[in-house]
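Student: For reference, the structure I am asking about is given below.
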Amino acid sequence: MRLLLKVIYLFLLLCFVSNFGCEQERIIESKPNSPPIITLVNIFPEKPNKESELRLFIQSHDPDRDTINYHYQWIRNDEEIAGENKSTVSNGNFDKGDFIRVKVTPSDGKVNGETFLSNTVRVLNSPPIIQEVQIEPKTASMRDNIRVPIKGSDADGDSIYYTYQWEKNGVILSEERKEILERGRFKKGDSITVVVTPDDREVVGKIKKSEPIVITNSPPIIVSSPTTSIEGTTYVYQVKANDPDDDPIIFSLKSGPQKMEIDENSGLIRWEIRKEDKGSHLIEIEASDNAGARGFQRFTLVVRT
């Protein structure tokens, strides 16, 4: 009898526990789901330009501690940007002066929360960029004007203005602010560089400095003009030359008739003409400096008697 009572007691206890669990499940299942809530959406960077990638900072919570997913819609100047429904938006989707916002809708997989509209950012001016600064000619002498072709760009399509700062042997030439550094401002052996700054009249871009060039040796220049026709028995021609670097000059005769001679130091040519020398003669004169640079003069001399 006691054993029967124990069995009945255990049976009733199991039923009670089972019914209690089922009731608890019904209570849990009947509890309504709460939607997730967004409290803050900010766009970064706060001061973008056309080349920026825009991203988001979101604060939110779910009362039921469910995982939150988000749906995005980016907006430009109060119009939705087609296809831009990710957490970031890349450059190329906006221009200088545009106003950008984003709508974010939270979801816990069961229900959507209220859509939240972010702060608004304005797309600012992009600074101009210099890709290349190169001095020309690369091999320059005292006789050359030096200039700076520049490769630059502006993402907004603005006009670019450049300012120049020339340096010689590491010292700033404060008065030289133009694109061209004229001859006479440097000499053989000087090291020349230039710093260029781009400006679109709204913002100044990053400076760029050229690689240095070293001013090379200049050849002598023959500046005198010869007589090209002669009647008589003696030909005299004083060759005159200048060296831009003030190097000493040596003269030589590279081509000419027999017996014609030139003084290597003074450049004086003297020739005693014979009867058989009548006719045309090709004359070539070389003026060289102690660094090996050479200048030439070529002409035809006609002997008539």
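Student: Return the only residue of 64, 108, 78 being surrounded by fewer than 17 Cβ atoms within 10 Å (Cβ to Cβ) and touching a residue at least 40 places away in the same chain (Cβ under 8 Å). Spell out the reasoning first.
Tutor: Working: 108 fails: surrounded by fewer than 17 Cβ atoms within 10 Å (Cβ to Cβ); 78 fails: touching a residue at least 40 places away in the same chain (Cβ under 8 Å).
Just a single option satisfies the conditions, and that option is 64.
Student: Please find, among 38, 100, the residue that is assigned to a strand (DSSP E or B), of a type outside the set (Ser, Thr, Tyr), modelled with pLDDT of 95 or more and in contact with a Leu (Cβ under 7 Å, 6 or more places away or on another chain). Let's see the steps before the verdict.
Tutor: Numbers: 38 fails: in contact with a Leu (Cβ under 7 Å, 6 or more places away or on another chain).
Just one listed residue meets the conditions, 100.
Student: Right, next: Would you mind stating whether residue 111 is under 19 Å from residue 57 (Cβ atoms) and not small (Gly, Ala, Ser)?
Tutor: Values: under 19 Å from residue 57 (Cβ atoms): no; not small (Gly, Ala, Ser): yes.
In short, no.
Student: Here is a follow-up. Can you name every one of the strands (runs of 3 or more DSSP E) wholly within segment 188-270 that holds 3 or more residues which are within 30 Å of residue 124 (Cβ to Cβ) and not polar (S, T, N, Q)?
Tutor: Result: 191-199.
Student: Here is a list: 284, 261. Which entry is within 30 Å of residue 246 (Cβ to Cβ), within 52 Å of the chain's Cα centre (by Cα), assigned by TED's automatic domain parsing to the domain that holds residue 237 and not hydroxyl-bearing (Ser, Thr, Tyr)? Outline the logic, then answer.
Tutor: Details: 261 fails: within 52 Å of the chain's Cα centre (by Cα).
Only one candidate qualifies: 284.
Student: Within segment 178-187, how many residues turn out to be under 14 Å from residue 144 (Cβ atoms) and part of a loop (DSSP other than H, G, I, E, B)? Full working, then the answer.
Tutor: Step one: list which residues in segment 178-187 are under 14 Å from residue 144 (Cβ atoms), which gives 180-187.
Cutting the leftovers down to part of a loop (DSSP other than H, G, I, E, B) gives us 182-187.
Residues in segment 178-187 being under 14 Å from residue 144 (Cβ atoms) and part of a loop (DSSP other than H, G, I, E, B): 6 in total.
Student: Among the residues of segment 271-290, how many are surrounded by fewer than 14 Cβ atoms within 10 Å (Cβ to Cβ) and either among the small types (Gly, Ala, Ser) or part of a strand (DSSP E or B) (or both)? Step through it out loud before you land on a result.
Tutor: So in segment 271-290, the residues surrounded by fewer than 14 Cβ atoms within 10 Å (Cβ to Cβ) come out as 272, 274-276, 278-280, 282, 284, 290.
Of the ones still in play, those that are also either among the small types (Gly, Ala, Ser) or part of a strand (DSSP E or B) (or both) are 272, 279-280, 282, 284.
Count: 5.
Student: Does residue 285 qualify as being touching a strand residue (DSSP E or B) at 6+ places or on another chain (Cβ under 6 Å), aliphatic (A, V, I, L, M) and within 21 Å of residue 189 (Cβ to Cβ)? It would help to see each step written out before you state the result.
Tutor: Working: touching a strand residue (DSSP E or B) at 6+ places or on another chain (Cβ under 6 Å): yes; aliphatic (A, V, I, L, M): yes; within 21 Å of residue 189 (Cβ to Cβ): no.
The answer is no for residue 285.
Student: Additional query: Kindly evaluate residue 83 against the criterion of being farther than 22 Å from residue 38 by Cα and free of Cβ contacts under 8 Å to residues at least 24 places away in the same chain. Break it down into steps so the answer makes sense when it comes.
Tutor: Values: farther than 22 Å from residue 38 by Cα: yes; free of Cβ contacts under 8 Å to residues at least 24 places away in the same chain: yes.
Yes.
Student: Just checking, does segment 217-231 include any residue being of a type in the set (Ser, Thr, Tyr) and surrounded by 17 or more Cβ atoms within 10 Å (Cβ to Cβ)? Even if it seems obvious, please write down each step before you answer.
Tutor: Step one: of segment 217-231, the residues of a type in the set (Ser, Thr, Tyr) are 218, 224-225, 227-229.
Okay, now just the ones that are also surrounded by 17 or more Cβ atoms within 10 Å (Cβ to Cβ), so 218.
Yes, that holds for at least one residue.
Student: From the list 267, 205, which residue is small (Gly, Ala, Ser), touching a strand residue (DSSP E or B) at 6+ places or on another chain (Cβ under 8 Å) and on the phi > 0 side of the Ramachandran plot? Walk me through how you get there before you give the answer.
Tutor: Details: 205 fails: on the phi > 0 side of the Ramachandran plot.
Among 267, 205, only 267 is small (Gly, Ala, Ser), touching a strand residue (DSSP E or B) at 6+ places or on another chain (Cβ under 8 Å) and on the phi > 0 side of the Ramachandran plot.
Student: OK, next. For segment 223-231, indicate whether the set of residues that are under 59 Å from the mean Cα position of the chain (by Cα), under 27 Å from residue 140 (Cβ atoms) and modelled with pLDDT of 95 or more is non-empty.
Tutor: yes
Conditions (1) outside the structural domain of residue 90 (by TED's automatic domain parsing); (2) among the β-branched types (Val, Ile, Thr), marked per residue:
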site	(1), (2)
106	no, no
115	no, yes
144	yes, no
151	yes, no
157	yes, no
161	yes, no
165	yes, no
170	yes, no
176	yes, no
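Student: Sticking with this structure for a sec: Counting only residues that are in contact with a strand residue (DSSP E or B) (Cβ under 6 Å, 6 or more places away or on another chain) and either of a type in the set (Gly, Ala, Ser) or assigned to a loop (DSSP other than H, G, I, E, B) (or both), which one in segment 124-137 is surrounded by the fewest Cβ atoms within 10 Å (Cβ to Cβ)? Reasoning before the result, please.
Tutor: Here is the first cut: in segment 124-137, the residues in contact with a strand residue (DSSP E or B) (Cβ under 6 Å, 6 or more places away or on another chain) are 124, 126, 128-133, 135-136.
After this cut, where a residue has to be either of a type in the set (Gly, Ala, Ser) or assigned to a loop (DSSP other than H, G, I, E, B) (or both) as well, the list is 126, 128, 135.
Details: 126: 24, 128: 25, 135: 19.
My answer is 135.
The values are calculated or read from the model by the stated rules, or taken from the named source; none is laboratory data. Bear in mind that the values here come from a model prediction, so they are computed numbers and not experimental data. Note: ideal-geometry Cβ built from the backbone for every residue, glycine included; neighbour counts use all protein chains shown.
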